[in-house]
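See structure below.
Just so it is clear, none of the values below were taken in a lab; they were calculated from the coordinates. None of the values given here were measured: they were computed from a predicted structure. Note: ideal-geometry Cβ built from the backbone for every residue, glycine included; neighbour counts use all protein chains shown.
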Amino acid sequence: MLRDVWTKTLWDQRRALLGWLIGFVAVAMMYAGFFQFAATPEYQELIDSMPAGLVEGFGWDDISSPAGYLGSTVYGLLGSALIAVMTIGMGAKAIAGSEEDGSLEVLITMPVTRTKVVIDRTVALLLAALGGGVAVFIGVLAVREPADIDISIGLLAAASLGLALLGLLVGAFTIMVGAFVGKRGLVVGAGAAFAVLGFLVNALAPQVEQIAWLENLSPFHWYDATGTLGDGLDWGLTLLTVAVAVAFVAVAVLAFNRRDVRGT
Amino acid sequence: MAEAIVTDKLSKSYGKFLALDSLDMEVRVGEVYGFLGPNGAGKTTTIRLLLDVLRPSGGSARVLGLDPKNDNVELLRRIGYLPGDFVVDGRQSPRQYLTYLGNLRGGVAALAVETLADRLSLDLDLQIGSLSKGNRQKVGLVQAFMHEPELLVLDEPTSGLDPLMAREFLALVDEAREAGQTVFMSSHILSEVQHVADRAAIIREGKLVAVDEVEELRARAMRRVQVTFDRDVPGDAFASIDGVTDVVVQENTLHCRLVGNADGLVKAASRFTVVDFISEEPDLEELFFHYYEGDDHVA
């Protein structure tokens, strides 16, 4: 694990990452296991009594179907928020955090390019996000039969991959901001703003006709877990997600190569 | 290539603040070069420019004949660098960390790390987070020396080291010179570099003030001396001694400034019973001040 920058990055964060993985499995099991209680007429009545905008915003309109339920819980707000918090944390640490604590100076004065530092830390983040996706997948899979979740393993895997890529995208954005400004607090804020704004646009824009098109700009719209759990991944939007993440990293490389690295 | 480092009007500004102002400096291959200046003078800025951590606002630098930015990786392979503020994640042992850095350098013999750690009395297997500041500094020194680089760039290398370890460090520097390595080290204390450095530069407020043989700098260095006697002494007893100025005698205590050789002052003082003799570190601020004022003031 001490051979390269990306392995060392994962190794240094192994405890936190292990905690995240356990958390993902636990949350997935708990919420997916709860499905049998959500698929009841009483629960549907409760949802029906809520304001339509709220229900639609959180994607609860189809909560009694397995895809609608998982898409609005495990793979919905909860799952995306969790994976975003994880990748925003990692992304902020990648450049800004290490720069602010002073340890980046040693790394960039080793015979490795700054480009490699950015890419390796992105690879570590990608692997962590994929790990999160796998953990969610395992958690849901574990309770799939007892909780009566009638979704194929392939579709669960597809939604888990989609979740991981959403995490990658948010993390890549955070890395990019860090490549411009070496202030961790600011970078975390920017990453969080990006995620929250993306979520809100996806949740609220469709409810106002004049700005409904805005949802097409939101990574959460591209992600669309409920749709994936029903029909599989939309490869075009999946590719778009990856492409935008790659573009963020490319900008990060350019920006980081241009600027001064601040010391402590 | 006779120069390890050459800078040509190297400058760095932050907004209106000029951190480094047109630095022209040459460090010869194989010499130990002291880079002296008070804190905030621009030493760390200069060093970071040489390593491409910072980018110059003007001028240029060549290090080992290479461009710090365009030949970055090739250059860094041949340099050992100790940052002025050496920071490492504390949740690992020095051995793990040094192995990692060694791998980034394409592999460094474990024996080299062991030998250096032994000499500096550094335990390689404790968590870095549990180490004292001085011991962390040793980790930084080991990583700078371990691959026997052509050029060592050391920013305040003795900070945090106890006197015994500081001496061991100076021995390492001596050996590096004997092995043909070039050493560029900064300090804010003249006495720290005077035993090992061949030449030294003094920098102040971003400007190079003086470059000279260390012996020459030391001869011109001015220090404050305070001598306490067992009884009151007459003021005129210390009036005209070589190198002694600003004599003030208060009852049984003499305050003065001394430049160069202390012999005259010691002999004058020895006519009385000396209770205490305090000679302060030469103050760099005053050192170059006198350097500028010229010989008439000194002699």
Considering chain B as a Gaussian network with a 10 Å cut-off on Cα pairs, which listed residue, B:ARG62, B:ARG220, B:ARG231, attains the greatest mean-square fluctuation?
B:ARG231
Using distinct alpha-carbon pairs, which all enter the 1/r mean, Kirkwood radius of region B:222-281 in Å
11.2 Å
Just want the answer: with Cβ charges of +1 for Lys and Arg and -1 for Asp and Glu, which residue in B:LEU51, B:SER159, B:PHE169 is farthest toward the dipole's positive end in region B:3-213?
B:LEU51
Taking just the alpha carbons, could you work out the radius of gyration and Dmax for region B:1-126, both in angstroms?
16.9, 49
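For peptide B:61-73, compute the average count of partner chain beta-carbon atoms within 10 Å of each residue's beta-carbon. Each step should come with its number before you reach the end.
Values: counts 0, 0, 0, 0, 0, 0, 0, 0, 1, 0, 0, 7, 6.
Rounded to a whole number, the mean comes out at 1.
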Nonlocal Lys pairs with alpha-carbon distance under 26 Å, chain B (8 or more apart, or different chains)
14
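Once you average over the residues of B:36-49, how many Cβ atoms of partner chains fall within 10 Å of each Cβ? Walk me through the numbers before you get to the answer.
Values: counts 0, 0, 0, 0, 0, 0, 0, 0, 1, 1, 0, 0, 6, 1.
Partner-chain Cβ atoms within 10 Å, mean over residues of B:36-49: 1.
Can you show me the helix-derived [θ] at 222 nm for chain B, built from DSSP H runs with n ≥ 4 at -39,500 (n - 2.57) apiece and divided by the number of residues, rounded to the nearest 500. Write down the numbers at each step before the final one.
Working: 11 runs with 97 residues, N = 299.
Helix-only estimate at 222 nm: -9000 deg cm²/dmol.
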Under Karplus coefficients 6.51, -1.76 and 1.60, residue-wise ³J(HN,Hα) of region A:60-69 in Hz, glycine/proline x
8, 5, 10, 6, 8, 8, x, 5, x, 5
Sort all Cα-Cα distances of chain B into consecutive 10 angstrom bins from zero, then give the percent of pairs in each bin up to the one containing the longest distance.
6, 25, 28, 22, 12, 6, 1
Given N residues in the protein assembly as shown, what is its alpha carbon radius of gyration divided by 2.2 N^0.38 Å?
1.31
Just want the answer: with Cβ charges of +1 for Lys and Arg and -1 for Asp and Glu, which residue in A:LEU233, A:LEU165, A:GLY59 is farthest toward the dipole's positive end in chain A?
A:LEU165
Choice from B:GLY107, B:GLY206, B:GLY80 showing the highest fluctuation, given a GNM over chain B with Cα pairs closer than 10 Å
B:GLY107
Ordered by residue, what ³J(HN,Hα) values in Hz, to whole numbers, does region A:118-129 give under the Karplus form 6.51 cos²θ - 1.76 cosθ + 1.60, where θ = phi - 60° and Gly and Pro are x?
5, 5, 4, 6, 5, 4, 4, 5, 4, 5, 5, 5
Residues with amide H under 5 Å of B:ILE203's amide H, sequence separation 5 or more or different chain, H placed in the peptide plane at 1.01 Å from N; which?
B:LEU36, B:GLY37, B:VAL209
Peptide-level mean, for B:88-100, of C-beta atoms on other protein chains within 10 Å:
3
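In square nanometres, what is the average projected area of the Cα convex hull of region A:5-258? Working shown, then result.
Details: hull surface 55.2 nm².
That works out to 13.8 nm², a quarter of the Cα hull's surface.
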For chain B, set up a Gaussian network in which alpha carbons nearer than 10 Å are linked by springs, and say which option among B:PHE277, B:PHE145, B:PHE86 fluctuates the most.
B:PHE277
Could you work out the helix-only [θ] at 222 nm for chain A, with each DSSP H run of four or more residues adding -39,500 (n - 2.57) and the total divided by the number of residues, to the nearest 500 deg cm²/dmol?
-23000 deg cm²/dmol
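Considering all projection directions equally, how large on average is the shadow of the alpha-carbon convex hull of region A:212-264, in square nanometres?
Numbers: hull surface 23.9 nm².
Reported value for the Cα convex hull: 6.0 nm².
Charges at C-beta only: +1 for Lys and Arg, -1 for Asp and Glu. How large is the resulting dipole of chain A about its Cα centre, in Debye rounded to 20?
Working: 14 positive and 22 negative charges, 341 e Å.
Roughly 1640 debye for chain A.
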0 to 90° range, to nearest 10: angle between helix B:110-119 axis and chain B longest Cα axis:
20 degrees
Note the angle between two axes, namely the Cα long axis of helix B:284-293 and the longest principal axis of the Cα atoms of chain B, as a number of degrees from 0 to 90, rounded to the nearest 10.
70 degrees
Mind listing the long-range amide H neighbours of B:GLY80? Cut-off is under 5 Å, sequence gap 5 or more, other chains count too, H placed in the peptide plane at 1.01 Å from N.
B:LEU151, B:LEU152, B:VAL153
Using the crude model of +1 on Lys and Arg Cβ and -1 on Asp and Glu Cβ, and no other charge, please compute the dipole size for region B:136-258 relative to its Cα centre, in debye to 20.
320 debye
Scalar couplings 3J(HN,Hα) for region A:214-228 by Karplus 6.51 cos²θ - 1.76 cosθ + 1.60 (θ = phi - 60°), nearest whole Hz, x for Gly and Pro, are 4, 4, 5, 8, 8, x, 6, 6, 4, 5, 5, 4, 4, x, 5
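Can you check what the net charge comes to around B:ALA262, using other residues whose Cβ is under 13 Å from the Cβ of B:ALA262 (Lys, Arg +1; Asp, Glu -1)? Walk me through the numbers on the way to the answer.
Numbers: positive: B:ARG218, B:ARG223, B:ARG224, B:ARG257, B:LYS267; negative: B:ASP242, B:ASP263, B:GLU280.
After counting each charged neighbour, the total is +2.
Calculate the dipole size of region A:119-264 relative to its Cα centre from +1 charges on Lys and Arg beta carbons and -1 charges on Asp and Glu beta carbons; express the result in debye to the nearest 20.
For this selection, approximately 980 debye.
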Rounded to the nearest 10 degrees, what's the angle between the helix B:133-145 long axis and the longest principal axis of chain B, both from Cα atoms, 0 to 90?
60 degrees
Using the charge dipole of the protein assembly as shown (Lys, Arg: +1 at Cβ; Asp, Glu: -1 at Cβ; taken about the Cα centre), state which of B:SER130, B:ALA4, A:TRP20 has its Cα farthest towards the positive end.
A:TRP20
